[in-house]
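A quick write-up on the structure given underneath.
Where a number appears in this text, it was derived from the coordinates with a stated rule and is not lab data. Computed from a prediction, not measured in an experiment: that's the story for all the values here. Because the Cβ atoms are built from the backbone with ideal geometry, glycine has one as well, and the counts that use them run over all protein chains shown.
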2 protein chains.
Amino acid sequence: MIHRILAAELPRHIGHHVRLAGWLHRRRELKSVSFLVVRDRSGLAQAVLHEPVAIPEETVVELTGTVVANPQAPGGAELASPAVRVLSEAVEAPPFDLYRPGVPAALPTVLDHAPVALRHPRLRAPFEIAAAGVAGFRAALDELGFTETQTPKIVGTATESGANVFGIDYFGRPAFLAQSPQFFKQALVGVFERVYEVGPVFRAEPHDTARHLAQYTSLDAELGFIDDHRDVMAVLTRALAGMHAAATERAGDALALLGVEPPRVPEEIPAIHFADAQELLARMTGEDPRGEPDLAPAHERWLGEWALREHGSEFLFVTGYPMVKRPFYTHPDPERPEFSRSFDLLFRGLELVTGGQRLHRHSDYLAALTARGDDPEAYAGYLAAFAHGMPPHGGFAIGLERWTSRLTGAANIRQTTLFPRDLHRLSP
Amino acid sequence: MIHRILAAELPRHIGHHVRLAGWLHRRRELKSVSFLVVRDRSGLAQAVLHEPVAIPEETVVELTGTVVANPQAPGGAELASPAVRVLSEAVEAPPFDLYRPGVPAALPTVLDHAPVALRHPRLRAPFEIAAAGVAGFRAALDELGFTETQTPKIVGTATESGANVFGIDYFGRPAFLAQSPQFFKQALVGVFERVYEVGPVFRAEPHDTARHLAQYTSLDAELGFIDDHRDVMAVLTRALAGMHAAATERAGDALALLGVEPPRVPEEIPAIHFADAQELLARMTGEDPRGEPDLAPAHERWLGEWALREHGSEFLFVTGYPMVKRPFYTHPDPERPEFSRSFDLLFRGLELVTGGQRLHRHSDYLAALTARGDDPEAYAGYLAAFAHGMPPHGGFAIGLERWTSRLTGAANIRQTTLFPRDLHRLSP
């Protein structure tokens, strides 16, 4: 049997006898001629037959025939009068036409029928971009001497917050799904200095919104021997630049199909301190947010516009968020201890990444927990690493689905999640 | 402040003033001289001071001084009379000496104190090999046109087997932790043709053995448009070759420390059919396993020795396992339907990977489920993808921790798991 070629390779085989295999994407019957469009992982290819073809769309077919030039065909080539063999029948019609350029279905229909709906090129494209982005994230951090790790998703205590965790029956004992690899990645800074993990995290989010998921993919990084949070911001900048470069290189077709161009990541992303941001907002807008411990979404949007106007950047770091709004392991600014050495990265005025420097001294952890009214004994497992000498360190976490949705302009994060899990959805 | 260099870079800086930072790995006080060995992510470096240094091991330190040549020092260079600054104190002694070449502690001690125990270079080394192996797996499959995916770890039904699943309280509804991405990766063959996923899988294993874990990392791959299981075996061979090549290239120091040389993966791994393996065993050993539906561990070991003797290969595929021992989605051998188009890959006589061709026709699934006495309705979600045209496909899953343990000769799979989860262990 002759070697299978991909649809995208057809124009390179004009004059040759080839074999294509894929899904029957579209069938059009004219009076004396049938057009078949076949879809495979590389794209679409057209075949012309001078007889009717009674095969429903999404049937898996194999076409064997000669490639001829045709300026009207996609790629300028088509298969002339091929032999058609059915590899596998489609016994049901798709919930909507997969061959239409747009998606003629509402999101719930798409999600209910994900195994077939995701075959639509526009619905598949975000995941090609996501796969490329993850590859770029890893490549950037590998280059910087990071080690990839895998850590437990089942934990005995819910460290970060008691709320919004999923409980498990663990051999008759209560346990929880990990909300983040925070504890593990910090402990592993003591082992590898620089670590990253790409893995699922779980939030029992009771909110039914366009941006909450019960499971998402967290791109976590943590590094030791930093001076302060700015070293973390520099690594994040490299990671993001790697993600955007990889998306362009490895998922160019998917970006083009969605009409998306990944924005340039500046060598140094502009940064503004939280207090200065509030000053700026008070001075430039009608409102005065000073005294508030966080930025309102409208203020983040305003700052995003400001960064684009003043710095020509779609990205903006806001640093120094008040300690009161950050987790207990956050490192304070020694000179202004009410502010933290943490940051949010805004992209087009929306929060994309959170990170910062963490406490590293055992005594600082004891003091921080006690000050918050927590019993350090309850955190004994978490604190063990810090009793044995931990360097100044920090890190960040990028939500993969969020990154893809912000980049592609998806209205709902479920559009960038293959099989979303939320308050209502547990299948497919 | 001068730029930090890594321990391994010291010999390249003889005559220069440098800054090192890391953990105080070892301190030796002689009459008039102190030797400090500092450990960072690159290795060890020695410093000599002409004064006593009262700092306990595992303290995080920064040394600034001039590099001098010393043939006795590791790498032929050392830091002469550096200034020593404590970055972070060790407030507890490690559970055992991290500086001894061997590991002077039993496995339970190591696991109980993992955040500090893993700093021992011999205990850290398997994870450097694992990280390299995963990178090699991905590189090999990327090269072959695979797309990386992330799929749900929370599922509504326990498809593969009702036993050994962890139950979750999912917003008040019962749900389960996924035992494998089997359903999702098959459905995604319909979208991307070729997919892989690196992620956690969960087994509520009631066995307390050296090889069972409640969570492990599964390297899953699935590909469409195959002729039969041999196409899957060819891709697995490429993936394994990629893993071994990457281990050698990226984790050479870790392999050397453990005295491990990754075995050559043959271009074509020898294969023997299950029935022929039983014939061979009957003819060559005192026993007659014919009629048994599976191979006993002793028989796998014998076959491993046979493959090495006859084919010079430490790897051996055993193909065609009886259908009765394989999951319902397994594709039978059309010519001998009691045998399957599945395989096990043995490495040094131990099972390393399982895989095979799957059913792809909707009607075949209905028949297979009905024949086993299962109600296809219970599998409606799983079957949806197959109603819409699925190509002949197959795949495999490699347990990362198992691969690392077999490669490094670890006696217990917990030695190749950062923070193992088992019947008894839920922390750290």
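I need to check one value: relative contact order of chain A, counting alpha carbon pairs closer than 8 Å and at least 6 residues apart, in percent.
Values: 840 pairs, mean separation 58.9, N = 428.
Worked out over chain A, it gives 14 percent.
Are there any helices in chain A, counted as whole DSSP H runs, that stretch 27 Å or more along their axis by Cα and score at least 0.0 on average by Kyte-Doolittle, and if so which? Don't skip to the answer; put the middle values down first.
Details: long enough: A:121-143 (33 Å, 0.28); A:229-250 (31 Å, 0.09).
Within chain A the helices that satisfy the rule are A:121-143, A:229-250.
Compare the Cα positions of B:F176, B:S88, B:Y329 along the charge dipole of the protein assembly as shown (+1 at Cβ of Lys, Arg; -1 at Cβ of Asp, Glu; about the Cα centre) and return the one farthest towards the positive end.
Checking the options against the dipole of the protein assembly as shown, the answer is B:S88.
Between copies, how far does the label point of B:D294 sit from its twins, in nm, shortest first, when each point is 7 Å from Cα along Cα→Cβ?
So the label point of B:D294 gives 5.2 nm to the other copies.
Looking at the protein assembly as shown, I'd like the Rg to Rh ratio, where Rg is from alpha-carbon atoms and Rh is Kirkwood's inverse mean 1/r. Working shown, then result.
Numbers: Rg = 28.8 Å, Rh = 29.2 Å.
With Rg and the Kirkwood Rh in hand, the quotient comes to 0.99.
About its Cα centre, how strong a charge dipole does chain A have in debye, to the nearest 20, once Lys and Arg get +1 and Asp and Glu get -1 at the Cβ?
Numbers: 42 positive and 53 negative charges, 268 e Å.
Around 1280 debye, computed over chain A.
Dividing the Cα convex hull volume of the range A:224-320 by residue count, how many Å³ per residue is that? Write out the running numbers ahead of the final one.
Values: hull volume 12.5 nm³, N = 97.
Normalising the Cα hull of the range A:224-320 by residue number yields 128 Å³.
Rounded to whole Hz and in sequence order, give me ³J(HN,Hα) for the range B:70-77 from the Karplus expression 6.51 cos²θ - 1.76 cosθ + 1.60, θ = phi - 60°, writing x for Gly and Pro.
My calculation for the range B:70-77 gives 7, x, 6, 7, x, x, x, 9 Hz in order.
Figure the gain on full extension for B:D227 and B:D288 (residue separation times 0.36 nm, minus the Cα-Cα span) and round it to one decimal in nm.
Working: separation 61, 0.36 × 61 = 21.96 nm, distance 3.30 nm.
In short, 18.7 nm is gained.
With no solvent and one equal point scatterer placed on each C-alpha of the range B:7-88, evaluate the Debye formula and give log10 I(q)/I(0) for q = 0.14, 0.21 Å⁻¹, two decimals.
These q points yield log10 I(q)/I(0) values of -0.37, -0.88.
Which of the GluC sites (Glu not before Pro) found in the range B:297-340 are loop residues per DSSP with 14 or fewer other Cβ atoms within 10 Å of their Cβ?
Passing both the DSSP loop test and the Cβ count: B:E335.
Rounded to the nearest 0.05, what FRET efficiency is calculated for B:R264 and B:L107 with R0 set to 30 Å and r the Cβ-Cβ distance?
Values: r = 31 Å, r/R0 = 1.03.
The formula returns an efficiency of 0.45 here.
Put the label 7 Å from Cα along Cα→Cβ for B:P101; what are its distances to the other copies, in nanometres, shortest first?
Spelled out, the distances from B:P101's label point are 7.0 nm.
Please report which chain A residue places its beta carbon nearest the axis carrying chain A onto chain B, with the distance rounded to a whole angstrom.
A:I168, 3
Would you mind listing the distances between the B:V324 label point and the same position in each other copy? Use 7 Å along Cα-to-C-beta, nm, one decimal, shortest first.
Distances to the matching label points in the other copies: 7.1 nm.
Suppose R0 equals 25 Å; then what is the FRET efficiency for B:E51 and B:H16 from their Cβ-Cβ distance, rounded to the nearest 0.05? Before the final figure, lay out each step's value.
On the way: r = 23 Å, r/R0 = 0.91.
The formula returns an efficiency of 0.65 here.
At a Förster radius of 51 Å, what calculated FRET efficiency corresponds to the Cβ-Cβ distance of B:V68 and B:E92, to the nearest 0.05?
Numbers: r = 34 Å, r/R0 = 0.67.
According to the calculation, E is roughly 0.90.
Taking the Cα centre of the range A:7-88 as origin and charging only Cβ (+1 Lys, Arg; -1 Asp, Glu), how large is the dipole, in debye to the nearest 20? Mind dumping the intermediate values first?
Working: 9 positive and 8 negative charges, 13 e Å.
Approximately 60 debye in magnitude.
Mind checking which of A:I2, A:G320, A:A378 is farthest towards the positive end of chain A's charge dipole, using Cβ charges of +1 (Lys, Arg) and -1 (Asp, Glu) about the Cα centre?
A:I2
Once you treat every alpha carbon in chain A as an equal point and sum by Debye, what is log10 I(q)/I(0) at q = 0.07, 0.12 Å⁻¹?
Debye curve over Cα of chain A, log10 I(q)/I(0) at q = 0.07, 0.12 Å⁻¹: -0.45, -1.03.
Of A:S218, B:V116, A:T147, whose Cα points farthest to the positive end of the dipole of the protein assembly as shown (charges on the beta-carbon: +1 Lys, Arg; -1 Asp, Glu; origin at the Cα centre)?
Projecting each Cα onto the dipole axis, the largest value belongs to A:T147.
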